[in-house]
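Peer 1: Once you've had a glance at the structure underneath, I'll fire off some questions.
The values are calculated or read from the model by the stated rules, or taken from the named source; none is laboratory data. All figures in this text were calculated on a predicted structure; none of them were measured in a lab. Using ideal geometry, Cβ is built from the backbone for each residue, glycine included, and neighbour counts are taken over all protein chains shown. Accessible surface areas use protein heavy atoms only, side chains included; no ligands, DNA or RNA. Shrake-Rupley method; radii C 1.70, N 1.55, O 1.52, S 1.80 Å.
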Amino acid sequence: MKKDKHLLPFEHILTAYASRTDQASAVSPEAEAAFVFQQAVDVQLPDEKATRMLDALTAELSKASLGSMVTQSVAVKQLTSPELQEKTGLTPSLIEAIQADRVFTNSVPVKSLVKLLKLLGLGIDSAMEAIQVTFDRLQTEARNMVMPSGSFQPSYRKGMIRGELGKDLSGIKSDESFLYQNEEALKNYTDRLTELYHTL
């Protein structure tokens, strides 16, 4: 069996313990345990690696999502929710969900999203990057919420609960959600979005 060069000292000791000879078995378990747990294990990351990891995390978290772009643009243009609803056809709850990155973008009516992007003066290229960021984050959160706990679940238009969004999303059906949680569905949506953005 190929040996793993990345085993911790503790793992080496356990491996040796598992393959010990009958002669070694005369040592008491208490003495063996004391020996094992007295071994020093270096669990600190090298400074260079820690810096690289933090830089990568900062870069990832600093990417603009669709929600952050929309929220910022709405504030700059000082648009109210009724104005957004009137000019895009989006409901207040759906607008709120988009701003909070709580909805898979490819479940939003594509023509309404085009109207929203144009109303806010958002370019299609930056919007596409932001849509991908939102999609990736929601997919990650969906995977992390396999167990039915926690107060947040990514949603999508058809399964959205009437009333204030974010209070209770327990009624969302996972089988409907699956329609929006794959790259192929997102690509079809963004292709259509790009086409309409240039023609509407």
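Peer 1: Using 7 Å Cα-to-Cβ label points, what is the residue 37/residue 119 separation (nm, one decimal)?
Peer 2: 6.3
Peer 1: Here is a further query. Spelling out what I want: for every residue of region 120-128, take phi, set θ = phi - 60°, compute 6.51 cos²θ - 1.76 cosθ + 1.60 (Karplus), and round to whole Hz; glycine and proline get x.
Peer 2: Per residue, the Karplus-derived 3J(HN,Hα) values read 8, x, 8, x, 5, 5, 5, 5, 4 Hz.
Peer 1: Protein chains only, probe 1.4 Å: how do 11, 195, 30 rank by accessible area, largest first? Mind showing how you got there, number by number?
Peer 2: On the way: 11 75, 195 100, 30 130 Å².
Listed by decreasing accessible area, they come as 30, 195, 11.
Peer 1: While we're on this one: Report ³J(HN,Hα) in whole Hz for each residue of region 36-52, in order, from the Karplus equation J = 6.51 cos²θ - 1.76 cosθ + 1.60 where θ = phi - 60°; Gly and Pro get x.
Peer 2: Along region 36-52, the couplings run 4, 7, 8, 6, 7, 10, 7, 10, 8, 6, x, 4, 5, 5, 4, 5, 4 Hz.
Peer 1: Further question: Search the structure for amide H atoms under 5 Å from the amide H of residue 103, placed 1.01 Å from N in the peptide plane, and list their residues when 5 or more places away or on another chain.
Peer 2: Long-range HN contacts for residue 103: 155.
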